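The values are calculated or read from the model by the stated rules, or taken from the named source; none is laboratory data. Keep in mind it's a predicted model, so treat the numbers as computed, not measured. Don't worry about glycine lacking a Cβ; one is built from the backbone with ideal geometry, like all the others, and counts go over all protein chains shown. For accessibility, only protein heavy atoms count, side chains too; no ligands or nucleic acids. Shrake-Rupley method; radii C 1.70, N 1.55, O 1.52, S 1.80 Å.
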Amino acid sequence: LFDYVRTFKKGAYIVKQGDVGNIFYILKSGECKVVENDVEKEHKMVPGDYFGETALVTNDVRTASIIVSTDKVVCACIDRETFEKNFGTYDRFVRGTNAIEQSKEAAKIEQSRKAIDMLIESCVILIY
């Protein structure tokens with residue numbers, strides 16, 4: 001399922017707020033800080049956390065920057081094509097004009113998020 005694994009050094013931006021997003025990341029080792037609108041969030045990204053799905057699902061730019069805070073970070077990476085094949089496309093999530101269709105689409109988004117969480121859980125088991 002993963003397209004590749006990538007290593008980042010301390011201080012590297014894995015994603016930068018405002019950039020176009022085409023990769024979904026799962027943190028395998030190391031830690032990262034989350035910076036949104038130049039403010040560091042309290043939440044730290046740790047192994048098993050994932051990010052980048054919002055830009056892929058909404059077809060919008062990155063909503064926060066993820067910056068490596070330990071000596072190195074290893075991430076499993078899934079490109080847009082693989083993500084959409086496994087979790088759905090942008091059009092699938094925004095299709096529909098009435099409340100019933102929007103409700104159905106919201107349920108599909110939640111189902112995709114649950115599938116991502118299950119994938120993460122199985123990935124974490126394989127790591128250890």
- Message: Test of understanding: among ASP71, ASP91, which residue is modelled with pLDDT of 95 or more and surrounded by fewer than 12 Cβ atoms within 10 Å (Cβ to Cβ)?
- Response: ASP71
- Query: Residue check: is GLY48 part of a loop (DSSP other than H, G, I, E, B), open to solvent by less than 40 Å² (accessible area, probe 1.4 Å), at pLDDT below 85 and not hydroxyl-bearing (Ser, Thr, Tyr)?
  - Reply: no
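Rundown of residues vs (1) modelled with pLDDT under 85; (2) surrounded by 13 or more Cβ atoms within 10 Å (Cβ to Cβ); (3) part of a strand (DSSP E or B), yes/no style:
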| site | (1), (2), (3) |
| --- | --- |
| GLN17 | no, yes, no |
| TYR25 | no, yes, yes |
| VAL35 | no, yes, yes |
| GLN102 | yes, yes, no |
| LYS108 | yes, yes, no |
| ALA115 | yes, yes, no |
